[in-house]
Amino acid sequence: MNTAFEKTVSRSSQQAFATNKVIKNTYLLLSATLVFSGLMAMLSLYLAVPLWTYTASLIVAMLLGMFVLPRTAESSAGLGVIFAITGLMGFGLGAVISLYLQLPNGPQTVALALGGTGIIFLGLSGYALSSRRDFSFMGGFIFAGMMVMMVAVLANLFLQIPAFQLAIAAGFILVMSGFILFQTSQMIHGGETNYIHATYGLYLSIFNIFISLLQILGIFGDD
Amino acid sequence: MNIWLQIGMAVTIVLMLVFMYPAAKHWLNNSPKANKGDWKAVFIPLALVVAFVAFLILLVRH
């Protein structure tokens, strides 16, 4: 009886240790990829790359995320792949930021979008970590929402309607905010055990919130 | 946008939808049921995000 009790305590402490390790590694890797991404954005700003670089970088990063990352995430090669993805996305982002910086209130818009993204991410992640609530019931809602948003992006790629773009940006902020709650709770409750996958998910949500905020603030800030 | 990049992006998004579909189907079928107060715990932070974005819009307009 005592042995069974000891085994249960040992198993749950091992589980807690593994969960804490995933959370710690995820936030460390996320910080490193965000810094690297920022450096790549600065490099592309310095090089004054054309706007098509953003689309090209995004296509390559998405293909790497779909085909290479799942095959390497369980090994150390996954670290190289996640840095390649986030570096490419940061490099592409530089082209968009340089476009916004040329607007009348450009620097203010970029700074507000950057600060706003940081506050939204830290607030939601902090809330999920401190409440320790299980948000896995949102899984269906989040994935269905993401698919709807992707179809909307696909449609507006050809329709090019500014009002629709604004609605897509607002929708992305909501779905990605929900995803931050979902992903953080998955890490806490053992649903996500791979810190490279967790970092990729959180990085994508931060990137999408930043781009969407930039679009919304850019549209509303322009007279 | 260059038409070839536009087509490339469209193909990549379609691929992403195909990749995402099994995960979406899994979560739609197997998501645990929400308990009382669970959705409230989601709507409150999301409402705060909406209010915060509205605040940022006000800041950028003035």
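Packing-based ranking of A:171-180, A:106-115, A:53-62 yields A:171-180, A:53-62, A:106-115, ordered from highest to lowest mean Cβ neighbour count within 10 Å. Pairs of C-alpha atoms in chain B farther apart than 18 Å represent 68 percent of all such pairs. Among B:Lys33, A:Lys24, the order of accessible area from largest down is B:Lys33, A:Lys24, computed with a 1.4 Å probe on protein heavy atoms. Just to confirm my numbers, what's the Cα centroid distance between the stretch B:16-40 and the stretch A:160-223 in Å? Result: 17 Å between the Cα centres. Please build a GNM for chain A, connecting alpha carbons under 10 Å apart, and tell me which residue among A:Ile161, A:Ile188, A:Ile209 fluctuates the most. Its mean-square fluctuation being the largest, the pick is A:Ile161. Computed with every protein chain present, the accessible area of A:Phe91 is close to 40 Å² [probe 1.4 Å]. Each residue was assigned an accessible area with a 1.4 Å probe, and for A:Leu129 the value is about 60 Å².
Length available on full extension from A:Phe17 to A:Arg71: 0.36 nm per residue minus the Cα-Cα distance, which gives 16.9 nm.
Students often check this: by mean Cβ neighbours within 10 Å, which of A:200-206, B:22-28 ranks highest, and how do the rest follow? Intermediate results must be reported in sequence, preceding the final value.
Working: A:200-206: 22.7, B:22-28: 14.3.
Ranking, from highest mean packing down: A:200-206, B:22-28.
Across the stretch A:143-162, the residues whose backbone nitrogen lies under 16 Å from the label position 7 Å along the beta-carbon direction of B:Val14 are A:150-159. Set the Förster distance to 22 Å, then compute FRET efficiency between B:Asn35 and A:Asn194 from the Cβ-Cβ distance, nearest 0.05. Rounded to the nearest 0.05, the efficiency is 0.20.
Which whole number gives the average count of other chain Cβ atoms within 10 Å of the Cβ atoms across peptide A:137-150? Intermediate results must be reported in sequence, preceding the final value.
On the way: counts 9, 7, 9, 9, 6, 4, 10, 4, 1, 5, 6, 0, 0, 5.
Other-chain Cβ atoms within 10 Å of each residue's Cβ, averaged: 5.
The Rg/Rh ratio of chain A, with both radii computed over alpha carbons and Rh defined as the Kirkwood radius, is 1.02. Pairing chains B and A buries close to 4200 square angstrom of accessible surface in total, based on protein heavy atoms and a 1.4 angstrom probe.
The values are calculated or read from the model by the stated rules, or taken from the named source; none is laboratory data. Here the structure is a predicted model, which means the values were calculated and not measured. With ideal geometry, Cβ positions are generated from the backbone for all residues, glycine too; neighbour counts draw on all protein chains shown. Quick note on the areas: whole protein, heavy atoms, side chains included, nothing else; ligands and nucleic acids left out. Shrake-Rupley method; radii C 1.70, N 1.55, O 1.52, S 1.80 Å.
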